[in-house]
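Any read-out appearing in this document is the output of simple, stated calculations on the displayed coordinates, not a laboratory observation. Fair warning: this is a prediction, and the values are worked out from it, not measured in the lab. Positions of Cβ are backbone-derived with ideal geometry, glycine not excepted, and every protein chain shown enters the neighbour counts.
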Amino acid sequence: MKGALVLLFVLSVGHADPRGKAYEKEKVCREFNSMGKEAFSSLAIILNSRKYSNATFEEISNIVREIVSLAETCCAKGAAPECYDKRASALSAKSCDPASPFPKHPGTAACCTHKGLEQKLCLAALQQPPKEFPTYVEPSNEEVCAAFKKDPREFAAKFLYEYSSNYAQTPFLVMINSTESFIKMAAACCSSKKPMGCFAKQKLQRKPLQILTVMSNRMCSRYSSFGDEKTRFSALVTFAQKVPSAEFKDVLPIVEECVPMLAKCCASVTDNCIETEISTHVQSVCTKLSSKSQKVAECCKRSSIEALLCLHSMPTADSIKLPQPQKPTNAELCGANKNLEMDKLNNILSKKVPKPAPKVLEEMVEERANLASTCCSVNAPPVYCKEKIKTGIENM
């Protein structure tokens, strides 16, 4: 299954970019024939459930059936040369029908005003936002086996849909590994003479992967929503509030790791880097902050992924008495190290205020940017700028 990661990104509603038709058809057919219909279908469910996270199971099933049918028909021996292109175009046209059985998207109507290539590219780019809060609840062992024994294929399809749509921001290979392991567990335990014992053992083995799925989805969702600067600022605030006794020189390197890690791993479809990167990140946190907080030290006694969950779940520490922060001068605020100076200030101020909500966090980042841009203007009077710095800091 993992060998065809890219293939289904061109087999969503709207399908392939005709500028590479011959290559894409060749690749799709090679992978379909290599994977087989069942594995190809499973991957299509995962991808489209992530792409259309608010679609119903029936809508996902409809588009997946069309995708599989296209590959099955047009990749068969003796298929007409124009089969693939005609079926792909027909699928795009079908998605423009108001009565289309495919996943709904408010941008579909606008895409369908275009023709040919532009229409296909527009439709292919549509994607529903991820669910704000996952709603998936794992069924009991008895419910799993009842559904599995009734219809193993439908059980697998519904699970792939539910899990993938709920954790749509989980890095792709983590999602593949996680869903495969659950279905294998169901198949093994529901045919076991001692299913409850089997489930207990298998779930214990699955636990690190399950935590990785949930945590990476949470982290990547936040990164997708916040972007680089807000993610970095959020991490700075979080560490300052959870471990207020930590020095800025210890916190900054940890914060600097976060954005590159998420930028690299969250969007990856061919590299399973998130587990390795998280392990390195947790090790860095534990090395620098265990001596500063008993709670951090306790978390760090666990495995990397369980330590991450523990650190993430740590409550904000009680505020500590700190000296009033020194306000940066014009020269510091507008110099080569202006971001570092503001980071130092924000680190101290974060230890004195409650954990900010996302909206407050956004306002703090904007205020920081406005403060610098206003006071670093060539024409900004020194007295005005000094007052602006004072007001801006008091509002942070």
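Remarks
- Extending 7 Å from Cα along the Cβ direction at Ala76 and again at Lys37 yields two label points whose distance is 0.9 nm.
- Mean separation of Cα pairs under 8 Å and 6 or more residues apart, divided by the residue count, gives the range 143-276 a relative contact order of 30 percent.
- If R0 equals 30 Å, the separation of the Cβ atoms of Lys301 and Ser181 corresponds to a calculated FRET efficiency of about 0.70.
- All Cα pairs of the range 158-240, percent lying beyond 14 Å: 68
- Under the Karplus curve 6.51 cos²θ - 1.76 cosθ + 1.60, θ = phi - 60°, whole-Hz ³J(HN,Hα) for the range 246-263, x wherever Gly or Pro sits: 6, 7, 4, 5, 8, 6, 4, x, 5, 4, 5, 6, 4, 4, x, 4, 5, 4
- Fully extending the segment from Leu340 to Ser224, taken as 0.36 nm per residue of separation minus the present Cα-Cα distance, adds 39.3 nm.
- Just so you know, the Cα atoms of the range 198-279 work out to an Rg and Dmax of 15.1, 48 Å.
- Spin-label zone in the range 110-133 - amide nitrogen under 14 Å from a point set 7 Å from the Cα of Ala93 along the C-beta vector: 115-117, 120
- Restraint check, Lys184/Lys295; Lys25/Lys94; Lys37/Lys115; Lys77/Lys150; Lys37/Lys193; Lys264/Lys295, Cα-Cα greater than 27 Å: Lys184/Lys295; Lys37/Lys115; Lys77/Lys150; Lys37/Lys193; Lys264/Lys295
- Rg ratio (alpha-carbon, reference 2.2 N^0.38 Å) - the range 41-195: 1.18
- HN-Hα J in Hz across the range 167-174 - Karplus 6.51, -1.76, 1.60, θ = phi - 60°, x for Gly and Pro: 10, 5, 9, 5, x, 4, 5, 5
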